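Written below as structure tokens is the structure these notes are about.
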Amino acid sequence: MRALLPLLLGLTALAPAVAQQSCQPDAAAVQAMLNALRTQPQACGERVWPAVAALRASTVLADSARRYAEELAARDRIDHVGAAGTSLRTRLREAGYLMRSAGENLAGGPETLDEAMAQWLASPAHCENLMAVDFQEFGLACVTGPGRLQRYWVLHLAAPATRPKSSPDR
């Protein structure tokens, strides 16, 4: 037992270096940040976007974002085209989300939600996604990976498809 004690203590000391911390922020914090941002006009490049309505959190969009963040981490790259050539619309359809419109913001490397959001606000196209009046729901995921980027952020924004009204039986 005494011979094992130094070994166990050594392994315990290494554990924090081996374990990866989750970078997934609290869903309520994400929603609060996004909606605080959307309540103010935003300059996205040379265009100023007016304040827009708040977003609702969607577990389907969050799951889709998580799956895609995991794929990006496994590939150690940021790309809107999936490994199998999938588009955002395909990924959302496969997740069971019927959308009218959708957008996707990706980031690789930021350590915090604040840093990811700052990158998106500095990019006119990503900023426009954040401020798009059509979007009503969101899902965000951050996944850590061993690659050069280490953190992979995916934000899915969408408006659900309106379901056709049932016609009465005749």
Positions within the stretch 67-83 being in a loop (DSSP other than H, G, I, E, B), surrounded by 14 or more Cβ atoms within 10 Å (Cβ to Cβ) and out of contact with any helix residue (DSSP H, G or I) (no Cβ under 7 Å at 6 or more places or on another chain), in sequence order: 76, 77
Members of the stretch 96-111 that are free of Cβ contacts under 8 Å to residues at least 60 places away in the same chain and either more than 19 Å from residue 55 (Cα to Cα) or among the small types (Gly, Ala, Ser) (or both): 96, 101, 102, 103, 107, 108, 109, 110
Hits in the stretch 123-149 - residues which are of a type outside the set (Gly, Ala, Ser), out of contact with any helix residue (DSSP H, G or I) (no Cβ under 9 Å at 6 or more places or on another chain) and assigned to a loop (DSSP other than H, G, I, E, B): 133, 134, 136, 148
Near pairs, Cβ below 7 angstrom, 6+ apart or cross-chain, from the stretch 31-56 (under 15 Å from residue 117 (Cα atoms) and touching a residue at least 40 places away in the same chain (Cβ under 8 Å)) to any residue that is of a type in the set (Phe, Trp, Tyr) and surrounded by 12 or more Cβ atoms within 10 Å (Cβ to Cβ): 34/138; 42/49
Given (1) in a loop (DSSP other than H, G, I, E, B); (2) modelled with pLDDT of 95 or more; (3) surrounded by fewer than 20 Cβ atoms within 10 Å (Cβ to Cβ), number of the condition residue 114 does not satisfy: (1)
Selection from the stretch 68-80 of residues that are under 13 Å from residue 24 (Cβ atoms) and within 12 Å of the chain's Cα centre (by Cα): 69, 70
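The values are calculated or read from the model by the stated rules, or taken from the named source; none is laboratory data. Worth saying up front: this structure is predicted, and the values here are computed from it rather than measured. Reconstructed Cβ throughout: ideal geometry from the backbone, glycine too, with neighbour counts over all protein chains shown.
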